[in-house]
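Since the structure comes first, as structure tokens, the remarks are kept for the end.
The values are calculated or read from the model by the stated rules, or taken from the named source; none is laboratory data. Just so you know, these numbers come straight off a predicted model, no measurement behind them. Heads up, the Cβs are rebuilt from the backbone with ideal geometry, glycines too, and the neighbour counts pull from every protein chain shown. These accessible areas exclude ligands, DNA and RNA; they are computed on the full protein's heavy atoms, side chains included. Shrake-Rupley method; radii C 1.70, N 1.55, O 1.52, S 1.80 Å.
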Amino acid sequence: MNTAFDTPLFGLFWGLLDGELQTRGWFWREVALLLGLLAVAAVGVLYAREQGRLSPARRLVLAAVRMATVLVVAFLLLRPVWVTESKGERKRTVAVLIDVSESMAQNDPRPALDDQWRVALAYGLIDPDKPFPTDPAALTALKAPDRPARIAVAREAFTNPKLDLLRRLRETGPLEIYTFGATSTGRDPTSTDWLKTLAADAPRTAMTSAALELLNRDENEQPAAVVIVTDGRDNASDKTFAELAARFRERKIPLHIYGVGSSSFGQLRLRDALVPESVFLDDLVSIPVRYAVKGIAAGTGTVNIVVKYGDPKGKEGVDYLIATEKKNIPVKEGDDLREVLTFTPTKEHAALKKQDITVEIEVKTDGQAGATVETLKDAATRSTQIVSKKLKVLVVDGLPRVDFKFLQRALMRDTKRVEAMFFLTEGDREAMKTGYPWFKEFTRQLNGTLTIEKDEFRKLINEFDLLILGDVPPTFFSTDERYDHHKVINEFVAEGGGLIHIAGKWGAPRGWLGGDPKRASIADVLPVELKPVPFAIQPPEGRYYQPFVPVLAPNAVRNPLVALEDDPLDNADVWGKLTRVNPNDPPPPPPDPNRTDKKAQLQPLEWYYPVQRLKPGAETFLVHPTARTPEPDNKPVPLLVGHYFGKGYVLFCGFDDTWRWRFNEADKYFGRFWTQCVYQTGAPRMVGTKLTQLSLDVLEPVAGKSGQVYARLLDDKFKGLTAEEIEATLVRVDGDVNDKDHTTKIKLRKLDGQDGEYVSPLPFNKEGRYKLTLDPKNGSPATMEYRVGLPPDHEKAKGAMAAAELRQLAGDSGAKDSPGKFYHEEDLHKLPNEVGAQYTPFTRRSESILWNWWWMGALILLLSVEWFLRKFNGLS
């Protein structure tokens, strides 16, 4: 039963009575009390001795007024306040975080029917609390926006009056709204005007950090729940989703996450198509194709790959031919999918004006469950040349080294492309005279020196396209003026013939060095500078050097000469890794943590011929992992080096135990390595020499990083260009022609002491397709096309909303009996009710200042009363 004591007035009265007097002055209370008592005592003594005829009553009244005045002054000196406390419960806040990073600006394709209905719901075209219709025609009639940006869908959902999210969330508790990219910005929770112009332009996303900031408060001030609006991309936080969920689970605060974006859509990327620089007529050509597919479930579509020879922009049958194709490959999702296509070049291919191979790939979904049919396409074009005759090879060595034996077998098996002859200077003379496969003409010797006169010798070796010279004794080829075999070999190369020298320990190249400088030497055409180095017949301690695996030179990572695997990443695995002896050496690339099927390295080699330095214009393919050239060069020792000498190409191989690569692999690596060396070195005599060559030092350029472009430039006499700088043009093929960065000039600078070798840094600023064109005015302009991709966590990298990760994050947060939840658009009408109102206890402390004007008025009043009474009683 209520009484008068239960009224608000009495509640205030009892609250005041329940208060506490506190002071805020600089005076100690004890000192003020003592001074007050002394003052009161002094007033009592004063009025007791006051002269004049005053009655005791009047004296007491005057003393009381004076004492009251003194006490009020003492009271005010303490600056007193009256403190009261009230306790109760209030609603806890609800925080809303909205992602405004650049990934939220993506215009998602929405092939799934549910994702299309979600757009219609967000835009208020259908009721939010009813199931999606099953008839696709009904969706078409609604005319929902096609591929709206993620931020636009979120904006429409929050301003949709049918959902009325912000008002309903305000009913659950005080609302705090923040937008976030790399940092958070507070927004007005009482208005939606800012939503209408909200843009997604933050270059980074720190969703985890933005959510954790909300926990840096007093426990009673922390939100009851956090609503996050995001696509799930986070690339700027230092904590993981798992750590975020654990922190919110500890505080029993649920995360309610609205996932914005298409739940899945297809992505296709043609990662690489390896096309040989030259192919042989009527010979089987393999083209390994690597591609990536994301967002398309296995079995819901097909992959078609077509290889076109010629100009794909022209007319089929006239400008290009379908070389080969693979169709109806069941689609599957993966980042490293592979197919190998094969075709046989014919005379019809060779007759086409443009000698290019274009690989086109298409992924087509089947539109299951009413989804829109997706068709994704990608393509890549590479230049090639058709060789229409067999490559004639002459192999000359001293002793039958192990490499010689296996190389002989490999070349003799390759009867479609190669016609090889062999000769061993230290072999059985009678066996050498028996004819094929032995080159019996070289049995004409005197004391181990070939006695064929130079005109006849020139005629003999010009029957071949390629010479392979091994550890030939220094006296076998004569330098006598009558024979001058060294000069004839040099002329053979200068006129377009190929030469491979496989260094040996005892004969060549040591025997070709240090002779009469006026006489020609085969060492003159080699791409490296050497010194005579003697090697013992038997190596000390069983080996000449510590075992090593050759390392790919930076400019050779994509060169087919040293491609032992079809996949460039697999190829990088099998070769060695450079040890950084010099701090100026480039650091090795970091390992890819996503690759679990790495290839085993090649078997180590145990010998190499030390190179002093490269000659101008030489290009390095393989280097030693630790050994360095002498100062001042101080670079990794080149092991496999090539250059053009005149029209011909010369390859120096500084090791002779590649037979070790056959261990457990047979001819997989050994055969492929030597076959590629033979083809690339011998091809210029048959198809002509490329005067301009371009290459990149990275396999897959990634935006935000940089690489280098290398150029080998020869003049019409096949000498390296000497200009200090050459200009090239870089065009972003798929960019806007009005963009200031659409066309860029690139300056390539000549390497010190290396005529014909040019390099330039190449920043990969934006994703897209690029074409580098270089015309060094040598009659042979060249182009190189490449693609710059985006790292997976980049804001602009294409990718569906991370539904699975966000669902896991929401479910792992909050209390055990009330965890967070994940929402699509069809679930948003439940969001305010799921958040619900939560209460937290509070204590409100109130202070009433007593040293105010009222007390000052009381003091003045007391002084006035005393003055009046003293005057009334005739006192001064």
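Descriptive notes on the structure:
One line per residue, one yes/no per condition, for (1) of a type in the set (Asp, Glu); (2) open to solvent by 80 Å² or more (accessible area, probe 1.4 Å); (3) modelled with pLDDT under 90; (4) assigned to a strand (DSSP E or B):
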{"position": "Lys327", "(1), (2), (3), (4)": "no, yes, no, yes"}
{"position": "Asp336", "(1), (2), (3), (4)": "yes, no, yes, yes"}
{"position": "Val340", "(1), (2), (3), (4)": "no, no, yes, yes"}
{"position": "Ile357", "(1), (2), (3), (4)": "no, no, no, yes"}
{"position": "Val396", "(1), (2), (3), (4)": "no, no, no, yes"}
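- Qualifying positions in region 758-781 - acidic (Asp, Glu) and closer than 16 Å to His742 by Cβ: Glu767
- Residues located in region 518-528, provided they are open to solvent by 50 Å² or more (accessible area, probe 1.4 Å) and touching a helix residue (DSSP H, G or I) at 6+ places or on another chain (Cβ under 9 Å): Arg519, Asp524
- In region 437-459, of all residues being among the hydrophobic types (A, V, I, L, M, F, W, C) and open to solvent by 30 Å² or more (accessible area, probe 1.4 Å), the one that is farthest from the chain's Cα centre (by Cα) corresponds to Leu446.
- For Lys377, the test of being out of contact with any Gly (no Cβ under 7 Å at 6 or more places or on another chain) and open to solvent by 30 Å² or more (accessible area, probe 1.4 Å) is passed.
- Number of residues in region 735-780 that are of a type in the set (Asp, Glu) and under 22 Å from Lys690 (Cβ atoms) equals 3.
- Unmet requirement for Ser706, which otherwise passes all of (1) within 23 Å of Arg382 (Cβ to Cβ); (2) of a type in the set (S, T, N, Q); (3) open to solvent by 30 Å² or more (accessible area, probe 1.4 Å): (1)
- Condition met for Lys392 (within 25 Å of Pro288 (Cα to Cα), part of a strand (DSSP E or B), in contact with a strand residue (DSSP E or B) (Cβ under 7 Å, 6 or more places away or on another chain) and among the basic types (Lys, Arg)): no
- Pairs where the first residue, in region 466-488, is within 16 Å of Phe645 (Cβ to Cβ) and the second is among the aromatic types (Phe, Trp, Tyr) and part of a helix (DSSP H, G or I), C-beta under 9 Å, 6+ apart: Leu467/Phe492; His486/Trp512; Val488/Phe457
- Residue in region 718-729 that is among the hydrophobic types (A, V, I, L, M, F, W, C), closer than 23 Å to Pro568 by Cα and in contact (Cβ under 8 Å) with a residue 40 or more places away in the chain present: no
- Which listed residue is of a type in the set (S, T, N, Q) and in contact with a Lys or Arg (Cβ under 7 Å, 6 or more places away or on another chain), from Ser864, Ser818, Ser848, Ser813: Ser813
- Test: residue in region 142-151 that is free of Cβ contacts under 8 Å to residues at least 24 places away in the same chain and not in a loop (DSSP other than H, G, I, E, B): yes
- Subset of region 821-845 (residues that are of a type in the set (A, V, I, L, M, F, W, C), under 30 Å from Phe132 (Cα atoms) and in contact with a Lys or Arg (Cβ under 6 Å, 6 or more places away or on another chain)): Phe822, Ala837
- Qualifying position, being in contact with a helix residue (DSSP H, G or I) (Cβ under 9 Å, 6 or more places away or on another chain) and modelled with pLDDT of 85 or more, among Glu243, Glu277: Glu243
- Qualifying residues in region 479-517 (those that are in contact with a His (Cβ under 8 Å, 6 or more places away or on another chain) and open to solvent by 10 Å² or more (accessible area, probe 1.4 Å)) - the one nearest to Glu529 (Cα to Cα): Trp512
- Test: residue in region 200-212 that is touching a strand residue (DSSP E or B) at 6+ places or on another chain (Cβ under 6 Å), in a strand (DSSP E or B) and open to solvent by 50 Å² or more (accessible area, probe 1.4 Å): no
- Some residue of region 708-726 being closer than 30 Å to Thr205 by Cβ and under 26 Å from the mean Cα position of the chain (by Cα): no
- All positions within region 236-251 that are open to solvent by 10 Å² or more (accessible area, probe 1.4 Å), in contact (Cβ under 8 Å) with a residue 60 or more places away in the chain and touching a Ser or Thr at 6+ places or on another chain (Cβ under 8 Å): Phe241, Arg249
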